[in-house]
Amino acid sequence: MKDVLVMNETRQSGQFVVPGQKLGIIEEFIPNSGTFVENGVIRSKNVGYMLMDFANKKVSVYPAARNLNVPRVGSIIVGNTTGVQSSLAIIRIKKVGSKIISGYFTGVIHISDVSFRYTDSMFESFKLGDLVRAKVISDKNHTYHLSTKGEKLGVVLAYCSQCGNVLSLKGRGLRCEACGNVERRKIASDYGEGTL
């Protein structure tokens, strides 16, 4: 097996690498699957094993485990709202598809990806603690960009911001049976049905 000196460190094909680890520079190798480039440095995108193709000058990283349950573009996720700002909501992802994940992943929903209709306020679309179903539409810049544009996408369970009780669906809004508070959200069509 060939060894290569990269950035004052010896690297070899088959070496175990972690996300963000330096694999080489773009002047030496062509980045391939499982890698990304940051300021001319090729880095690992996955936990896995580095493969250096010296004939074609390519470097790849193959995952250590197959079928890891991580968000991918096109995945439907479920998570809790952990932050709301004027133009985006931050979601702590808990499930990908029907499987609970063990890692820590965060996604963001931009105001333009909330609904097919014009969204006036993120603060009326999501609140802290809401359980949200969304679709991963991009993983650009190592950030999961999410969308709730769709019939079964949006808030699937919400809590009253006054007293903390579960909100019930009443018409096109949500109402707290305990205190009578009425709130708005970007509601999924199957809100409160328990199908996550």
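Scanning region 122-166 for residues that are free of Cβ contacts under 8 Å to residues at least 24 places away in the same chain and of a type in the set (Gly, Ala, Ser) turns up Gly150, Gly164. Which of the residues that make up region 95-109 are under 14 Å from Val136 (Cα atoms) and surrounded by fewer than 16 Cβ atoms within 10 Å (Cβ to Cβ)? Answer for region 95-109, where residues must be under 14 Å from Val136 (Cα atoms) and surrounded by fewer than 16 Cβ atoms within 10 Å (Cβ to Cβ): Gly97, Thr106.
Which of the residues belonging to region 49-82 are at pLDDT below 85, surrounded by 13 or more Cβ atoms within 10 Å (Cβ to Cβ) and of a type outside the set (S, T, N, Q)? Passing the criteria: Tyr62, Pro63, Ala64, Leu68, Val70.
Quick check: anything in region 145-166 of a type in the set (Ser, Thr, Tyr), within 30 Å of Val37 (Cβ to Cβ) and touching a Phe, Trp or Tyr at 6+ places or on another chain (Cβ under 9 Å)? Can you show your working first?
Residues of region 145-166 of a type in the set (Ser, Thr, Tyr): 147-148, 159, 161.
Then keep just the ones that are within 30 Å of Val37 (Cβ to Cβ); that gives 147.
Applying the additional criterion that residues be touching a Phe, Trp or Tyr at 6+ places or on another chain (Cβ under 9 Å) yields none.
No, there is no match, as no residue in region 145-166 is of a type in the set (Ser, Thr, Tyr), within 30 Å of Val37 (Cβ to Cβ) and touching a Phe, Trp or Tyr at 6+ places or on another chain (Cβ under 9 Å).
Select the strands (runs of 3 or more DSSP E) contained entirely in region 115-196, then report the ones holding at least 2 residues which are crowded, with 18+ Cβ neighbours inside 10 Å. Because the criterion is at least 2 residues that are crowded, with 18+ Cβ neighbours inside 10 Å, the strands (runs of 3 or more DSSP E) in region 115-196 that meet it are 131-138, 144-147, 154-157, 173-176.
Scanning region 33-48 for residues that are surrounded by 16 or more Cβ atoms within 10 Å (Cβ to Cβ) and either under 13 Å from Ser13 (Cβ atoms) or not hydrophobic (A, V, I, L, M, F, W, C) (or both) turns up Gly34, Thr35, Arg43, Ser44, Lys45, Asn46, Gly48.
The values are calculated or read from the model by the stated rules, or taken from the named source; none is laboratory data. Computed from a predicted model, the values in this text were never measured in an experiment. Please note: Cβ atoms are built from the backbone with ideal geometry, for glycine as well, and neighbour counts cover all protein chains shown.
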